[in-house]
Structure formats: structure tokens, C-alpha cells
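Colleague: Have a look at this one before I ask anything.
The values are calculated or read from the model by the stated rules, or taken from the named source; none is laboratory data. For clarity, every value in this text was computed on a predicted model and none was experimentally measured. Every residue, glycine as well, gets a Cβ built from its backbone with ideal geometry; the counts of neighbours run over all protein chains shown. What goes into the accessible areas is simple: the full protein's heavy atoms, side chains included, and nothing from ligands, DNA or RNA. Shrake-Rupley method; radii C 1.70, N 1.55, O 1.52, S 1.80 Å.
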Amino acid sequence: MSEVSAAQSVQKAERHEDNEASSPPSMQPLSGEASRLDLHELLPAGPSSSTDVSPSPSEASGLLSLPREIIANIISHLPAQCVLNVLPKVCHALANVANDMTAWQLRARKIIGSRRFPVGPKEDFDWPAACIDMEQLISDWTIDVHRVDRQIPHHGVERGPDVPQQQAAQGAEPAAEGQRDGFENELEAVGAAAQEIAYDGNDVQPMLARALEAQLRELQVTRRNDAAEEEGNRGMVPAARQGLDAVVDPTNQPNGKDAELTQQQPSGTRSPPPTLEYMSLPTNHIAQINSVLLLGGEGRVCATASRDWNVKLWDLEAGARGMELHTLAGKCGFSAHRGWVWCLDSQGPLLASGGFDNTVRLWDLQAGGKERGVMKNNGAVLCLSFQTDVLLAGSFDKRVTMYDPRANNSLIKSLDLHGSPVMSLAADDKYIISGGKGHTVAVYDRRADKTLNKIRLKSYLMCMSYSGNEVWGGDNSGMLHSLSMQSGTLELVSNFDVGHTDLITGIHKSSGSLYTSSSDSTVKIHIPCGPPKTLCTLHHEAGAHRLSVQAGVLAIASGSGNVEVWRSRR
């Protein structure tokens, strides 16, 4: 909602209360002197100053004379962004409503119903940010995604159980049995007896370019035929569906994957284009991509890590399909690592990559991707957490290793927190939280230099997301775990089944959004309440190895060797 429309809504409500007979003046954009004139007209006559145009309690009338609870209820129908950014410009008195946490809690309750929210501790919880996240998530991932979905080969969208199913797309076939075992066998192969991993050309599965092109051509023909058939049957399609469906424009589909679309329109109306857009990066990796990471804080650049030993950087703003910026190369000159590159993390201009060659490597993005340093490990590096003053690596040798990325002799210490390979890591400036394959989750106090507590689960965490006082993790059986983190004490709050049928490979949780990826070939978008409210499920032709979320951009590393990106139109 624009500032003008928000101001008009407030003005209309107040004048209705006053029963004024005179017609209201036309509204102008809230800027400069025109803004000040409009603000005065929204308020009853009375003395005011240039610093505060709000009436005193004794002078309040119209909308502002209503009880605070009613005002909060009225304002709950406005978008959260409007309440935070527009109302303070309209009236200082209404700005106070934006500071009322009870009003924000009521707004959140309208979205999630009777579910528990937040699942973890409520102390210091950012309610306004959570409401903004939830409203944006719902706006993007309930309607628009289905309008874009039909343009994407090998892809399906299924609405969550709490979302109307009239536009649900057909999902992909479930993952084959034994997929989890194959993944775990890859990790088991990197045992203590094989610390130095050598390259085996048979392990790399090159993509067959000719077969892929033929498959895409076949899909293009199928899409065109479907579009022609639907055009002939449009009269039998309900009007509501016509307003949401989209058909392929072959002129914008040179490779069958770009999400440029032509929108079906009911006669006499013209719907706005979807706010989401989809793109598939034309990656040049010749093996599966294990990890993807969005960089820079705005989701404009991403890094990909592959089993072909390479790390590549991509510009997501360069055209409809992005552009490769750089392939990182170490001192060896032809690849980033000497084995599979398994994980990525970043801090400022530095990018860290961990691989099966038992090293963590630092890359300076401001210096054109130059190798900044090589940190040797005693086992394959399975997870990373990059903080401002320390780089943490969890490895197959059952240890969490601390490095100082600012020093030449970078090793700080090695922590023995688990009796099994370390599969997941999360940290801040106070604590290190790690998950081991032996079903344990440990909390280490960085300042006190000691382990605070450990909890044992029925499964092990493959990935974690840590923010505020909440830790969310995805395990090897497809379950989500919510944990509470207070004063260094970690407690299990709840376990949730959100429909994943195989191990969860990636998770991102903010105050009002939750994304999960799985090797069952699905990515799910939820509201992080208890139980999570699933908005939609993205189906893929192969397992989703990892995901990254930044500034409303979702990047997914697929087992088919490509990276899929969903983002709001800029």
C-alpha cells in the first residue's frame, strides 16, 4: 500500500466519524510542503506547532477519539510496512500504536490462528519484524508462485494444507528409496583411515549436454501444445482460474527454463504481473552442486560449491539468466579445492569454503576472488560458521575447529564436543552450537571456554538456523526440531513433521519465515509457528542439496546440477 492510499484510508475513516458534510480535498504525495498541508487537514482544528501536529488527548476527535483497542484493530487491516513507515508521517498519535507490542501480537494472531508463536522464548522477540516477514511471505508464496510455476520444466508447486488448493500444481515423483543411505555412505567413506581424499574421476557425474538439450526441446513442444489446448478450452475454465493461470510465451523461452511469461487475462480485465520471478542459472559445473550461498546482503550475487572441486560466483542481476562472474582457483591453479567442495559461509568480503580435501579456504571477494589462506583440517569439512572474529569448521574427525581468519597462524583450538562426525554448526559472539551424528547437540561458551550443556535427540541434525533465542534444526529423517536457547541453556521445545520424507539438507529461519530443503526433492516455505504453517511446496526433479535466503531471494542447489532462484521483482 502506498503512502497516499494509506493516508486516504485514515482520512476517510476520520471524516466518516465526524460526519462532515464538506467534500475532502484531493490528496497529494506525502513530501515537502504539500505533505504538511495534508497532515493538518487530517486533524481537527486547534493549536499546533511545527514539531508536533498531533492533538492533545482533550482535543482528540474522530478516529483518534476511539479507544486504543479499536484503533489497533482498525490498523491491523493495514500492511505492517504501512504501520511502521506511513502512519508516523500521517499522525504522531497513530505512530504510538506502532510501538504497542500488544497490537503486533494481535496482528500475528490473525495470521497464524491458535498456533504457538513464537515457538521459543518471547523475551526480546521482534514482533514488528515478524509481522512484516509473515505478510511478505504470504504475499509471495501463496498466489504468485503458482502463476510462475507453469513456466518451469521439471518443477511443480503444491500449496500447503492451510492454503486453498484450487491452483495446486502436480508434484514431482517421490525420491527413490535408498537415497538417504547413499548420502550417508558418501560421508562414511571419508573415515579416519582415509584422511587425505584423492580425486576419483568416476565419482564425478558430468551432465550430458546433448541429452539435456533434447529433453528441453521436447518440453518446449509439450508446453506449446498444452497452451494451444488450454486456449481452445478457455471457455470451460472458471474465471477465477483464468485470473491466476499463465501460459508459456515461446518467444521468451530459448532454453525452456526462463520464467518470462504471458499472463492469461479474463475479458475486460488485466491482472498485474506476479511479484515473484524465477530463474535457473546456466551453471558450468560438471558435477552435483553441494552448496549455494547468497552474498552481499542484497541477494545480488551467489556462490556455488560443487563436487567438481570448484567454487563459482554468479551475478544474479545480469540479464534473465544471470552471469558467471568468476571461478575461484587456488595456488594449484585449476580448481578451488583438491576434492569435493561441501560447504560455504561468508563474513564481509571474505568467503570460506570447506571440502573433502581436509581444508578450509578463504577467498577475498574484493580482490577478485584471490585466495586469502588455506587452513588445514584433520578430516573432511562438513559444515562452517563464519563469525566476525572466528571461523568454525565441523568435520568428519568429530571435532569443531576454531580459526582466526585475521592471523597467519590461524588455528585457535580444536574442540572435542562429540564422539561422532560434526554435521551442523551455528554460532554467535557468545555461543557455539554443534550437532553430531551421534544424535547429540552441544552448547559451548566461547567466553568461559567450556561446554555448557548437551542434549540428546532421537536423530541427528543435518542443518541448523540460529537467531534470537531460537534454534531450528532439520534432521536425517525429515523432522524439524525447535530448541530454546536462554542463558547458555539449550532445551528441546518441539518436534514437527512438515511432510519431508527424507533428510533435511538446508534450513533458514527468520522471525517470521521458515524455509526447508530436503533430499526428497522438495523445498517447503512455512510460517515458523507451532506447528509450522506450510504455505507451499516446490517439487524438483532431483534432491535439493542446500538453500540460501537473503533479502527475499531464495536460491536452491539442486542435485540435477543447477541452481534455481526465486525472488521478488525489483
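Colleague: Apply 1/(1 + (r/R0)^6) to the Cβ-Cβ distance of L106 and Q486, taking R0 = 25 Å, and write down the FRET efficiency to the nearest 0.05.
Modeller: My answer for the efficiency is 0.50.
Colleague: Rounded to a whole number, what % of the accessible area of region 524-570 do carbon and sulfur atoms account for, probe 1.4 Å?
Modeller: Here it works out to 45 percent.
Colleague: So how do R456, R109 rank on accessible area, 1.4 Å probe, biggest first, that is with the largest at the start?
Modeller: R456, R109
Colleague: Then there is this: Which residue, chosen from C343, T401, C463, occupies the Cα position most advanced towards the positive end of the dipole of region 343-475, where the dipole is computed from +1 (Lys, Arg) and -1 (Asp, Glu) charges on Cβ about the Cα centre?
Modeller: Farthest towards the positive end: T401.
Colleague: What accessible area, in Å² to the nearest ten, does a 1.4 Å probe give for H508?
Modeller: Rounded to the nearest 10, the figure is 50 Å².
Colleague: Can you work out ³J(HN,Hα) from phi for every residue in region 71-76, in order, using Karplus 6.51 cos²θ - 1.76 cosθ + 1.60 and θ = phi - 60°, giving whole Hz and x for Gly and Pro?
Modeller: For region 71-76, the Karplus-derived couplings read 4, 4, 5, 4, 5, 5 Hz, x marking Gly and Pro.
Colleague: Choose one of V443, A542, S560: the residue whose Cα lies farthest towards the positive end of the charge dipole of region 443-570 (beta-carbon charges +1 Lys, Arg; -1 Asp, Glu; about the Cα centre).
Modeller: Most positive-ward Cα: V443.
Colleague: Might you report the magnitude of the Cβ-based charge dipole of region 460-570 about its Cα centre, with Lys and Arg at +1 and Asp and Glu at -1, to the nearest 20 debye?
Modeller: 520 debye
Colleague: Non-local amide H neighbours of Q288 (under 5 Å, H modeled in plane, Pro and chain starts lacking H): which ones?
Modeller: Those lying under 5 Å, H to H, from Q288 are Q205, R307.
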